[in-house]
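The values are calculated or read from the model by the stated rules, or taken from the named source; none is laboratory data. Just so you know, these numbers come straight off a predicted model, no measurement behind them. Neighbour counts run over all protein chains shown; Cβ positions are idealised from the backbone, glycine included.
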Amino acid sequence: CSESDLGLISLNWFEELSAEAPP
Amino acid sequence: DVAEQLTPVLLDGPREESLQLVSELKDSSCSCAVDVSTVWWEAAGCRELRVVTASESTVSLWEPLAPDSWGKVYTWHLREIPVIQIIPLPDTCNLVCVALGELEIGEIRLLLYSSETDSFKHSLVKTGNIKAVVGLEDQRLVSSSRTMQEQQVEMVLFSETGGSKDRQTLMPPEETVTAFAEVEGMREALVGTTAGNSVVVWNLKTGQLLRKMHVGYSYPASICHRAYSDSGLLFVVLSHPLAKESESCGSPVFRVVAFNPRTGRSTGVMFSCLPPGHAGRQYLEGDVWDTTGAAVLTSGAVAVWDLLRGRCMAVLCPDPAGHWALARWATGGAGLLAGRRDGTVRLYRY
């Protein structure tokens, strides 16, 4: 992860959002 | 004089022949062309790129005969409902997908050649009030449709014989989906734009709606054309048919926007504006392949942009024989197809 103007960036955003989103 | 008129002009720099005329075809039986596309076709062990043309009641398949000429192989007749558009299916062979309807898409059909019966045929994929549709890699098609009560977003997986092998329902956003784009390199990720001017992200495997991110009020009715993920950011190529002209950037036709899907924040990466002399709201329709965009302007010209540099690279001026009405990138970036309503299609190398 890294911090930028766009907020905390994650290379694994797709997997993380899939784990968090309602099924 | 004809050669002079065919030479594209680079408006903000020296004259440059970045578009080279390769070939032309003319469908003399076509009363009013509605779309043009390309498809990979395999016959007798030979795989070649073929051109597909559509009028309101016919869809024709054209094979290359010589380096600069095309011959019509077959014409499907679809007389009951008018053809609205050809839906490109990337990396798919021997299948043509078309949308039919009156003002909106009412049905989607696959046109194909059956080796079992040695005949060309067509099969129904979906019916309904279809608002948006896109063909994805691996013979998949996603569409959004509306009833009075709800919106349905569905992915269909085709078999090679044109049947539907599997269907997956995707969670619909509250707002109507206006366009889809697959996220290149991420087989299970799909983005869409909505009537509320947001970009939404789905997981195609699970059907989950992962994120909704607002595009901004300056760019209403944004349409997504292409998306890819890089360094943790989601880059989306949008077109803006209704964006207002501003002093700082002119009239943006295409924009590359970087979204952070974790936070929903976004920033504009690059604008591509109307070329000088084409100010105002003059963008009719567009197509994107890789980092190049093409659009038909109301002047009857086709403009081509390098989207990462934000530069208009070439303009195909309207012909004495008629205005350009269609601009499509050939599959795999094999060139630019420019079409006129009279059925003339020219293939340019870019």
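For segment B:206-236, a residue qualifies if it is at positive phi and more than 8 Å from chain A (Cβ to nearest Cβ), and the qualifying residues are B:G207, B:G216, B:A221. Would segment B:285-292 turn up any residue that is within 25 Å of B:V34 (Cβ to Cβ), crowded, with 23+ Cβ neighbours inside 10 Å and in contact with a Pro (Cβ under 9 Å, 6 or more places away or on another chain)? Yes: segment B:285-292 contains one or more residues that are within 25 Å of B:V34 (Cβ to Cβ), crowded, with 23+ Cβ neighbours inside 10 Å and in contact with a Pro (Cβ under 9 Å, 6 or more places away or on another chain).
State whether the residues of segment B:322-336 include one that is in a loop (DSSP other than H, G, I, E, B), within 22 Å of B:S28 (Cβ to Cβ), modelled with pLDDT under 90 and not aromatic (F, W, Y). No, that holds for no residue.
In segment B:27-66, the qualifying residues are those that are acidic (D, E) and crowded, with 20+ Cβ neighbours inside 10 Å, and the one that is modelled with the highest pLDDT is B:D35. Among the residues of segment B:75-119, the one identified as within 23 Å of the chain's Cα centre (by Cα), assigned to a strand (DSSP E or B) and of a type in the set (S, T, Y) is B:T75. Out of everything in segment B:257-272 that is away from every other protein chain (no Cβ under 14 Å) and surrounded by fewer than 22 Cβ atoms within 10 Å (Cβ to Cβ), what residue ends up being modelled with the lowest pLDDT? Result: B:F271. Screening B:E137 against (1) of a type in the set (D, E); (2) over 30 Å from B:S119 (Cα atoms); (3) touching a Pro at 6+ places or on another chain (Cβ under 9 Å); (4) away from every other protein chain (no Cβ under 14 Å) leaves a single unmet condition, (2).
Residues that are without any contact (Cβ under 8 Å) to a residue 24 or more places away in the chain and surrounded by fewer than 22 Cβ atoms within 10 Å (Cβ to Cβ): does segment B:323-340 have at least one? The answer is no, given that none of the residues of segment B:323-340 is without any contact (Cβ under 8 Å) to a residue 24 or more places away in the chain and surrounded by fewer than 22 Cβ atoms within 10 Å (Cβ to Cβ).
Let's see how each residue does on (1) out of contact with any Gly (no Cβ under 8 Å at 6 or more places or on another chain); (2) surrounded by fewer than 19 Cβ atoms within 10 Å (Cβ to Cβ):
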residue	(1), (2)
B:R187	yes, yes
B:G192	yes, no
B:G196	yes, yes
B:V199	no, no
B:N203	yes, no
B:T206	yes, yes
B:M213	no, no
B:L233	yes, no
